[in-house]
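Every number here is computed from the coordinates shown, using simple stated rules; none is lab data. Remember, it's a predicted structure, so these values are computed and weren't measured experimentally. When we count neighbours, we look across all protein chains shown, and the Cβ atoms used for this are built from the backbone with ideal geometry, even at glycine.
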Amino acid sequence: MHIIITGSNGMLGHALTAVLSKQHKLTGFDLPDLDITNLSALKTSLALEKLDLIINAAAYTDVDGCESNADLAFAVNATGPRNLAVVANELNIPLVHISTDYVFDGMSTVPYKESDIPNPQSVYGKSKLSGEQHVRELYSKHYIIRTSWLYGEHGKNFVATMLRLAQERDELGVVDDQTGSPTYTLDLARAIAELITEPAYGTYHITNSGTCTWYEFTLEIFRKAGIGGVRVNPITTEEINRPAPRPRNSVLDNYNWRMQGHHPLRHYKEALADYLKSLTKEDIK
């Protein structure tokens with residue numbers, strides 16, 4: 001297949017390129033060469049390509065930044081997916097759209113299934129839900145993939161940040177009342193490569209297995225990286241006082257993925273070990 005990847009310079013975009021390039025022809029687009037918020041420019045850019053599939057990995061993911069830049073958040077996270085759905089519909093090719101656990105309010109005591117009713121609390125979550133709704137309403141040949149707590153090569157992420165802070169400080173405070181499933185971008189990319197082999201369209205939750213809090217994740221990062229001498233203190237969400245509210249429970253039940261016959265993704269601890277092996281000094285600056 002010839003696949004277009006929007007947001008190809010991002011963390012997930014790089015992982016998708018690494019995985020999909022082994023079997024498919026890829027064309028990657030990112031700013032400033034392609035602006036998904038501009039429908040006419042988008043049509044012009046893609047009209048010259050003979051395409052089989054679009055993967056939208058472009059997003060405005062600065063959760064706190066979205067609170068003070070709502071127009072930009074909705075332009076990128078809602079209008080952009082709408083435009084891609086319009087183009088995919090005109091070309092009659094499937095669209096893969098990446099979404100987030102932040103479409104839920106985090107108040108559930110059990111993992112969220114795809115059928116659970118979203119209730120986003122932040123501008124970021126609301127803009128991502130709006131993008132999902134546009135895709136569903138405008139085009140039936142879609143895969144909407146919600147994931148959580150992404151980390152990987154070629155981008156800023158929690159793991160690299162913690163490793164950097166461990167070099168700078170001897171004591172850290174990390175939130176211990178938000179729970180989720182850390183997900184390695186390479187594992188998510190491999191799952192997407194598997195999913196697109198058949199037209200089983202719909203909404204999917206795809207994350208690595210296992211759950212933890214950010215505090216527990218930090219302890220595991222340091223343990224696997226062999227870092228000692230840094231005291232890690234559990235703190236509350238209120239203590240960190242960020243502009244955007246975060247869901248306390250971000251755990252996604254990968255129900256539709258399993259029901260479609262796919263194997264659960266490996267445990268996040270195993271994936272973390274592989275990621276740490278791939279890191280260079282430049283990655284944690």
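A few remarks follow.
- Most fluctuating residue given options E198, E153, E137, as computed from a GNM of the chain linking Cα atoms under 10 Å: E198
- Contact order relative to length of segment 106-225, as percent, for alpha carbon pairs under 8 angstrom and 6 or more apart: 33 percent
- For the pair S140 and H24, the difference between a 0.36 nm per residue extended length and the Cα-Cα distance amounts to 39.4 nm.
- For the chain, convex hull volume per residue from C-alpha positions, Å³: 125 Å³
- Taking the square roots of 5 times each eigenvalue of the Cα gyration tensor of segment 1-153, largest first, gives ellipsoid semi-axes of 25, 17, 16 Å.
- Net charge over other residues, Cβ less than 11 angstrom from the Cβ of P118 (K, R count +1; D, E count -1): -2
- Semi-axis lengths, Å, segment 174-241, gyration tensor of Cα atoms, sqrt of 5 times eigenvalues: 32, 16, 7
- Using the Cβ-Cβ distance between R231 and A273 with R0 set to 30 Å, the FRET efficiency works out to roughly 0.80.
- Distant-in-sequence amide contacts of I144, defined by a placed amide H-H separation under 5 Å and a gap of 5 or more residues or a different chain, comprise H97, G202, T203, Y204.
- Relative contact order of segment 193-285, pairs being alpha-carbon contacts under 8 Å that are 6 or more residues apart, as %: 48 percent
- The distance separating the Cα centre of segment 187-247 from that of segment 10-58 comes to 26 Å.
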